[in-house]
1. Restricting attention to segment 115-162, and to residues there that are open to solvent by 60 Å² or more (accessible area, probe 1.4 Å) and touching a Leu at 6+ places or on another chain (Cβ under 9 Å), which single residue is farthest from Arg221 (Cα to Cα)?
2. Across segment 219-252, what is the total count of residues that are open to solvent by 20 Å² or more (accessible area, probe 1.4 Å), outside any strand (DSSP E or B) and touching a Phe, Trp or Tyr at 6+ places or on another chain (Cβ under 9 Å)?
3. Would segment 74-86 turn up any residue that is open to solvent by less than 20 Å² (accessible area, probe 1.4 Å), in a loop (DSSP other than H, G, I, E, B) and out of contact with any Ser or Thr (no Cβ under 6 Å at 6 or more places or on another chain)?
4. Please identify the pairs in which a residue from segment 223-234 that is in contact (Cβ under 8 Å) with a residue 24 or more places away in the chain has its Cβ atom under 6 Å from the Cβ atom of a residue that is assigned to a loop (DSSP other than H, G, I, E, B) and of a type in the set (Phe, Trp, Tyr), counting only partners at least 6 apart or on another chain.
5. Could you please find all residues in segment 105-124 being assigned to a helix (DSSP H, G or I) and in contact (Cβ under 8 Å) with a residue 24 or more places away in the chain?
6. Only one of these is more than 15 Å from the ligand (Cβ to nearest atom) and not in a loop (DSSP other than H, G, I, E, B): Ala56, Ala21, Ala50, Ala30. Name it.
7. Is it the case, given these coordinates, that Gln216 is under 29 Å from Leu97 (Cβ atoms) and in a strand (DSSP E or B)?
Amino acid sequence: MLRVAVLGAGRIGRIHAANAALCRDSKLVAVADPFGDNAAKLAAEWGCEASLDPSALLTRSDIDAVVIGTPTDTHVALTLEAVRNGKAVLCEKPIDLDLRKVDEAVAEIERLKGRVMVAFNRRFDPAAQAMRKGMDEGEIGDLRQVIISSRDPDFAPRAYLEHSGGIFRDMTIHDFDMARWLLGEEPVLVSATASRLIDPTLAEFGDFDTVMVNLQTASGRQCHINCCRTAAYGYDQRMEVFGSKGMLLNENLRATTLRRWSGGFTEAREPLLNFFLERYADAYRIEFEQFCGAVRNNGEMPVTVRDGRQALRLADAALEAALSGKTVRV
Ligand SMILES: NC(=O)c1ccc[n+]([C@@H]2O[C@H](COP(=O)([O-])OP(=O)(O)OC[C@H]3O[C@@H](n4cnc5c(N)ncnc54)[C@H](O)[C@@H]3O)[C@@H](O)[C@H]2O)c1
């Protein structure tokens, strides 16, 4: 059994705690959160220990691995502390908002031979896995284009947005990771546009609500990403890969496959799954299981800190491209 502690008992920490408690190869030992009764409440749900002191858990010999679901500006310090104490780490995205800090952390983690996985959960979505498998088996032939649409149903809380690092580093970073994973090559050219069509006050902290990005790899493969902070019809997550022999299309998920016909409409379907906690529930579970398996078997981490670094590099390049109006070479 992998003995696990979860740091941070907020939105994502709750998901990781449930997965660590329910996975048959792991045991949730403790959750830590320094604020209020967040840790106590979550620990009570799963019958584990609660702590107000994350660092205290990192030195314990009865904990093998930690999941870091704390605010982004705490990830590097907690990850390095955990690695120095010999713990395996599943760290939420992004590793940090500052590329230089991320580069230093990656170098230190690699020097210490730390076992760290970055939590890009969308790679573990069963539909995304099926898409990757189809591509690997040659279904679409030579890949030409990847199209990703990624729209949230509504804004995250203002307090979160103000410290999120902006739409490219906080939200589109998932899509940059998917783009790299699907393209199978590093993008070398980045162009982007960014608008405030919904909330002009985002300018107060330099953020945007509606963005489009184009990526191109050295061999010429292309990827288009479009992101928006709100969508009237719900959480919109679609992907398309197009190649010399065909196309694979990953559409939105609904609670059921039911379709309805009446005098006023035809083929009406169930609403889209509400938001990331529902849409990617399986992905978070499989992500944790893969982490657990890699740690137990001493195998390669399914998503590395280098992957985390590269996604942030693309986010920075997209922001630079949007602000300058010029294509950025990475
Ligand atoms: N992979 C995904 O789909 C996904 C989704 C949401 C958030 N995230 C990432 O997860 C992180 C947390 O986001 P969230 O939405 O859960 O935030 P949140 O504000 O809901 O939760 C963060 C929790 O961490 C606690 N905390 C603060 N400092 C701490 C510390 N030093 N040690 C332990 N706990 C601490 C807070 O009290 C809070 O309960 C962010 O980095 C975010 O980018 C990832």
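1. Within segment 115-162, the match that is farthest from Arg221 (Cα to Cα) is Ala130.
2. Count: 2.
3. Within segment 74-86, none of the residues are open to solvent by less than 20 Å² (accessible area, probe 1.4 Å), in a loop (DSSP other than H, G, I, E, B) and out of contact with any Ser or Thr (no Cβ under 6 Å at 6 or more places or on another chain).
4. Arg229/Phe155
5. Ala105, Val106, Glu108, Ile109, Glu110, Asn121, Arg122, Arg123, Phe124
6. None of the others qualify; the one that does is Ala21.
7. The answer is yes for Gln216.
Residue by residue, here is whether (1) within 16 Å of the ligand (Cβ to nearest atom); (2) open to solvent by 90 Å² or more (accessible area, probe 1.4 Å); (3) over 22 Å from Arg14 (Cα atoms) holds:
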position: Glu267; (1), (2), (3): no, yes, yes
position: Cys292; (1), (2), (3): no, no, no
position: Met301; (1), (2), (3): yes, no, yes
position: Arg309; (1), (2), (3): yes, no, yes
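The values are calculated or read from the model by the stated rules, or taken from the named source; none is laboratory data. This is a predicted model, so every value here is computed, not measured. Quick reminder, even Gly has a Cβ in these numbers, built from the backbone with ideal geometry, and neighbours come from all protein chains shown. Please note that ligands, DNA and RNA were not included when accessible areas were found on the heavy atoms of the full protein model with its side chains. Shrake-Rupley method; radii C 1.70, N 1.55, O 1.52, S 1.80 Å.
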